[in-house]
Amino acid sequence: MTDFLLELRSEEIPARMQAGARTELEKLFRAQMSAAGIEAGDLTIWSTPRRLALIAKGLPQATAAVSEELKGPRSSAPPQALEGFLRKTGLTQDQLEDRDGVYFAVIDKPGRATAEVLAEAIPAIVRGFAWPKSMRWGKESASSESLRWVRPLSGIVAIFGEELVPCEVSGISAGFATRGHRFHCPGEITIGSASDYVEKLRACHVIVDHEERQAIIRDGAAKAAADAGLMLVEDEGLVIENAGLTEWPVPLLGRFDEAFLEVPPEVIQLTARVNQKYFVVNDAAGKLANGFVCTANIDAVDGGAEIVAGNRKVLAARLSDARFFWEQDQKKTLAQHAEKLKNITFHKDLGTVEDKVRRVAKLARWLVERDVVKASENTDQAKVQLGNWAFDAAMQSKADLVTEMVGEFPELQGLMGGYYAHEEELPDSVSDAIRDHYKPVGQGDEIPTAPVTVAVALADKLDTIISFFAIGEKPTGSKDPFALRRSVLGAIAIILTNNLRLSLRQLIENLTSLSPSTDNFAVFEKLYGHGFDDGMTKEDAAEQDKKNLEALSKTIASDTFAFIVDRLKVQQREAGVRHDLIDAVFALGGEDDLVRLLARVKALQAFMATEDGTNLLAGYKRAANILKQAGEASPSRLREGLGEGMSDAASDETGPPPTPPASGRGELDPAEAALLTALDAAEPAASAAVADERFTDAMAALASLRAPIDAFFDGVMVNDPDEAVRAYRLGLLARFTGAVHGVADFSKIEG
């Protein structure tokens, strides 16, 4: 078994492409080896800015001989079919095997030297490489057939064992020579085998292992900060990026003018990170300090003093720009900045950003007025103040979009608005709401809990969802260009975290009137299917207009609510809640209070984890099956026997049916009497518990039915020959299933 080394050397590979390139190299190499019948087991793949390297350990010296069998035409087939098969296989007729009237060709393929396989594979790998962006270069670039690579390819090292694998790609021949560090060791290095590759490069100031470089940067940056009494602000993405920019990383600490610290710390960190790839540091109190850590690519003779000085100048220029933006933006109030929002289109069918802001402001105040979001103090004055703050915060929430700072750093939207509001001495609740109204923006993000922020954040997300549904821009499959799924998950998180009690369907239906789509004729034709009849009188057209608006609002509300519920189901399944239990509660219908819905789901999940829950489910399914069979056998007689207005388990009706009278019968069977008594107690108890949202108590009431239903099935024959007895017992079962359905639709539960 022999090791193989492949190095593809080029001009600088962008750091962001290196991880993908390593994956692509492994995929292509394994595919080439597999096609040749070689199992490529242990692969090590590294990258630096100037090279991709692969080491395959334990490859065989040669591939094994194989025998391939091909089925041909029948021996009675026309001569043309046989001739075609012979051309395909390269054999003669006497070399074929006749098996029960069918020709077979057995082709023995001898083994090949692995070095020969590798020589063919390397050009195929290089030419088949998929880069996000690639280029052609040199005179050959005039032809579309010339090699494309991320940057000009300059060298190939291909060594199998200690032997060169001879191959050539676009005029570049494989050899034993590579090059070391561009400055420390620019000359050629001769590699003897895969075993000495890493150490020979290390001796020439190249650390080929990207993970080792990451560790050097991670630990070295932390040490440089600690040595100065500071703490590094950890940034793993920046660690990986710096490792992709250097072959010999050397972290160095520098300082910048303390005067720049008057700029918000997030601005300084983004300036250092995005523009210069620097780490920032905190002081002992955890506040941003006037320090940075840059990553040099050389061992400087002066310890890096000149490198730090140069980087300090560049950073100072960047921070000067940031301070200029900070000062310029504060020359206007947020309200003045917000005036420019009328010039920015939010969506061609939804008006400007100013239009959206006004809708959000109205909705935020509405949420307060309807007590969805409550003030910390339960007084009329506190409620009015909360509504006013929510309105003001919403009106200025997008103002920072037109500031210089957010124009430079879009990532700071919202955050800068909060800073500017604070500098303007707006109430803290308003500035905090402006800062945090985009939250949560993803899984694990902070969820707002301050009342003003909750009102604005929820209003912003609901407006986005409803508005885009109103113009028919719904997510389809994997496409969600307006991030509506994210908005829905954010709204759900805010509602559940803050225990907001609201009728979501009614809220959505009411809010469609705030959407500009409701007076847009084109939207009527797109969503509702038709517009106005030109032959109508003015009065009739106005009436039709009203009907269309009402119908459109209901359609939008229904579609939007269904989408929100679907996202909630997905979220709960991902959180570990059984999908059948979610369906069992959601199938009840008529429930659009998300807090109450999930409380019922959690209570059902806890109940079904108990022995009572499992056994009650078994009893329910048995009862439902008996009722279904009885209904299929004679549905009219079943309903007649069950009594006026009564339902069976096969029907879509809900609610517990009454028990048929036992007139004309003797005494009840003990099992019948026990079940009847249990139902008389359990039904009102479960119903009252559900009404009071004591869902655990409702489950406990259902649990009391477990023993009586088990005893009923053990003690009586439901399908008694006597019609009156049979009808009474079926009625008891129908009442039992109805009582269970008052809590959840057990027919949806698996088991």
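Round to the nearest 10 and give me the degree value, 0 to 90, for the angle of helix 484-497's Cα axis relative to the longest principal axis of the chain. Orientation of helix 484-497: about 60 degrees from the principal axis.
By the gyration tensor of its Cα atoms, with a ≥ b ≥ c the square roots of the eigenvalues, what is the shape of the range 74-173: rounded for a/c under 1.5, prolate for a/b over b/c, or oblate? Provide the component values of the computation, followed by the final result.
Values: a/c = 4.25, a/b = 2.24, b/c = 1.89.
Verdict is prolate for the range 74-173.
Between A562 and K287, 0.36 nm times their residue separation minus their Cα-Cα distance comes to what?
Numbers: separation 275, 0.36 × 275 = 99.00 nm, distance 4.61 nm.
Residue separation times 0.36 nm, minus the Cα-Cα distance, leaves 94.4 nm.
Counting charges near T2 (Lys, Arg +1; Asp, Glu -1) among other residues having Cβ under 11 Å from its Cβ returns a value of -2.
With respect to the chain, whose longest principal axis is taken over its alpha-carbon atoms, helix 451-470 is tilted by about 90°.
When each of F712, F736, F260 is scored by the number of other beta-carbon atoms lying within 10 Å, the sequence from fewest to most is F260, F712, F736. Spacing of the modelled spin labels on E69 and E120, each 7 Å from Cα toward Cβ, amounts to 2.5 nm.
Label positions at D219 and R255, each projected 7 Å from the Cα along the C-beta direction, are separated by 2.8 nm.
Among residues other than V384 with Cβ under 12 Å from its Cβ, the summed charge is -1 (Lys and Arg +1, Asp and Glu -1). Mean sequence separation of contacting Cα pairs (under 8 Å, at least six apart), scaled by the length of the range 246-388, corresponds to a relative contact order of 20 percent.
Order the peptides 276-285, 487-496, 567-576, 434-443 from the highest to the lowest mean number of other Cβ atoms within 10 Å of their residues.
On the way: 276-285: 18.1, 487-496: 22.1, 567-576: 14.9, 434-443: 19.7.
Ranking the peptides 276-285, 487-496, 567-576, 434-443 by packing returns 487-496, 434-443, 276-285, 567-576.
Considering only Cα-Cα distances, which of the following residue pairs are longer than 26 Å: K27/K133; K374/K439; K331/K362? In this structure, K331/K362 lie more than 26 Å apart at Cα. The gain in end-to-end length when the A681 to N388 segment is fully stretched comes to 100.5 nm, 0.36 nm per residue minus the alpha carbon separation.
The mean sequence separation of alpha-carbon pairs under 8 Å and at least six residues apart, normalised by the residue count of the range 18-159, gives a relative contact order of 22 percent. Rounded, prolate or oblate: which fits the range 691-743 when a ≥ b ≥ c are the square roots of the eigenvalues of the alpha-carbon gyration tensor, with rounded for a/c under 1.5 and prolate only if a/b beats b/c? Here the range 691-743 falls in the oblate category.
Length gained on full extension, A711 to H579: 44.4 nm, using 0.36 nm per residue less the C-alpha separation. For Cα extents along the principal axes in Å, one of (1) 91, 72, 53; (2) 108, 95, 66; (3) 97, 63, 48 was computed from the structure I shared and the rest are decoys. Which label? Answer label, from the structure shown: (2).
Would the range 1-97 count as rounded, prolate or oblate if I go by the C-alpha gyration tensor, calling it rounded below 1.5 in a/c and otherwise prolate when a/b exceeds b/c, oblate otherwise? Here the range 1-97 falls in the prolate category. Using the Cβ atoms and a cut-off under 15 Å, what net charge is assigned to the surroundings of V274, where Lys and Arg are +1 and Asp and Glu are -1? Result for the neighbourhood of V274: -2.
How do 328-340, 401-413, 371-383 rank on mean C-beta neighbours within 10 Å, highest first?
On the way: 328-340: 16.1, 401-413: 18.0, 371-383: 14.1.
Peptide ranking by packing, descending: 401-413, 328-340, 371-383.
Here the scattering of the range 210-329 is modelled by Debye summation over its C-alpha atoms, one equal scatterer each and no solvent; at q = 0.13, 0.15 Å⁻¹ the log10 of I(q)/I(0) is -0.47, -0.62.
The numbers here are math on the coordinates, done by the rules we state, and not lab data. Owing to the predicted nature of the structure, the values given are computational and were not obtained by experimental measurement. Because the Cβ atoms are built from the backbone with ideal geometry, glycine has one as well, and the counts that use them run over all protein chains shown.
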